[in-house]
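Right, one structure below, let's go through it.
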Amino acid sequence: MLELSNVTVRYGQHRALENASVNVGKGEIVVILGANGAGKSTLLKAASGICEGVVTGDIRLDGTTLTGLAANRIVDAGLALVPEGRGVFPDLTVRENLTLGAYASRARDNEKMTLDRVYSLFPKLAERGKQIVGTMSGGEQQMVAIGRAMMSNPTILTLDEPSLGLSPLLSKELFQNLARVRALGIGVLMVEQNAKQSLAIADRGYLIENAHVVHQDSAANLMRDPAVQAAYLGVG
Ligand code: ATP
């Protein structure tokens, strides 16, 4: 279980996130919605230890305190990030990209087993193992990015705008893939602009406005909420 309690992030004088509390259980998909600049990416960066700002508050994964740990130690603790823009190596093959994801000590010893698990999760990656990633479609590259994050054997997978630039059809496929990750008992925390498709597969969601978590509810209730519909679902 990932628990962020009263997390505040400051960039100089600017508070990008204030007293934010968010949690993600095992086998749960949680979506963070909010306008541009609300603080969504900052929250994910704070959790994964790559935030340039000053982070205060309590961030724990299964009881281990993550606040203040170096990014690689956070991966070792079981939290993986798929950054915005995917962060894959376009000149390397699928297999090479996946292998690079296994640097975490929790994965290194079981690299073969982990690779087999990722291939069984995403059989297309096994078929395309030798393909240069830069020659793949956006949807396929996103699958490589998720596969690479899965190579660290995470208990929580976090993703920053994974559907960005994908067609509705490819986004649907992406979200279905995340549902398969959830089925392994892994918690998924994602920031998404595509509220409609992400809420359709999510269990719960949070709304962030002006650095504050202003609302949280089940995904089903959020989809029915008139304010959410007007702001994020293009209804009304
Ligand atoms: P978007 O949907 O546009 O990515 P977001 O909700 O993810 O928005 P953040 O990227 O978390 O927003 O940014 C929150 C606020 O913090 C913004 O005002 C942004 O300009 C500011 N900010 C983000 N990163 C930095 C940084 N490294 N230095 C200074 N300010 C920053």
Next on the checklist: Can you tally the net charge around GLY85? Count Lys and Arg as +1, Asp and Glu as -1, for every other residue whose Cβ sits under 14 Å from the Cβ of GLY85.
Outcome noted: 0
Item to check | Mean residue ellipticity (222 nm) of the chain, computed from DSSP H runs ≥ 4 via -39,500 (n - 2.57), nearest 500 | outcome: -10500 deg cm²/dmol
Checklist entry - Rounded if a/c is under 1.5, else prolate if a/b is larger than b/c, else oblate: which is segment 1-93, with a ≥ b ≥ c the root eigenvalues of its Cα gyration tensor? => result rounded
Next on the checklist: Please compute the modelled spin-label separation between LYS112 and LEU100, points set 7 Å along Cα→Cβ, answer in nm with one decimal.
Outcome noted: 2.5 nm
Next on the checklist: To the nearest 20 Debye, how big is the dipole of segment 2-233 about its Cα centre, given +1 on the beta carbon of each Lys and Arg and -1 on that of each Asp and Glu?
Outcome noted: 360 debye
Next on the checklist: Rounded to whole Å, give me the distance from the Cα center of segment 15-62 to that of segment 170-236.
Outcome noted: 15 Å
Item to check | Solvent-accessible heavy-atom area per residue, rounded to whole Å², over the chain at 1.4 Å | outcome: 44 Å²
Item to check | Anchor LYS196: lysines whose Cα lies under 18 Å away (excluding residues fewer than 8 positions away in-chain) | outcome: LYS40, LYS172
Next on the checklist: Using Stokes-Einstein with the Kirkwood hydrodynamic radius over Cα pairs, what translational diffusion coefficient do you get for the chain at 25 °C and a viscosity of 0.890 mPa s, in µm²/s rounded to a whole number?
Outcome noted: 137 µm²/s
Checklist outcome for this item: Among GLY78, GLY147, GLY12, the residue with the largest mean-square fluctuation in a Gaussian network model of the chain built from Cα contacts under 10 Å is GLY12
Next on the checklist: Probe radius 1.4 Å, ligands and nucleic acids ignored: give me the carbon and sulfur share of the accessible area of the chain as a rounded percent.
Outcome noted: 51 percent
Next on the checklist: Explain nothing, just the number: dipole magnitude of segment 73-205 about its Cα centre with +1 on each Lys and Arg Cβ and -1 on each Asp and Glu Cβ, in debye rounded to the nearest 20.
Outcome noted: 260 debye
Item to check | Rounded to 10°, Cα long-axis angle of helix 138-150 versus longest principal axis of the chain | outcome: 90 degrees
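The values are calculated or read from the model by the stated rules, or taken from the named source; none is laboratory data. This is a predicted model, so every value here is computed, not measured. All Cβ positions, glycine included, derive from the backbone under ideal geometry; neighbour counts span all protein chains shown. We work out accessible area using only protein heavy atoms, side chains counted, and drop any ligands, DNA or RNA first. Shrake-Rupley method; radii C 1.70, N 1.55, O 1.52, S 1.80 Å.
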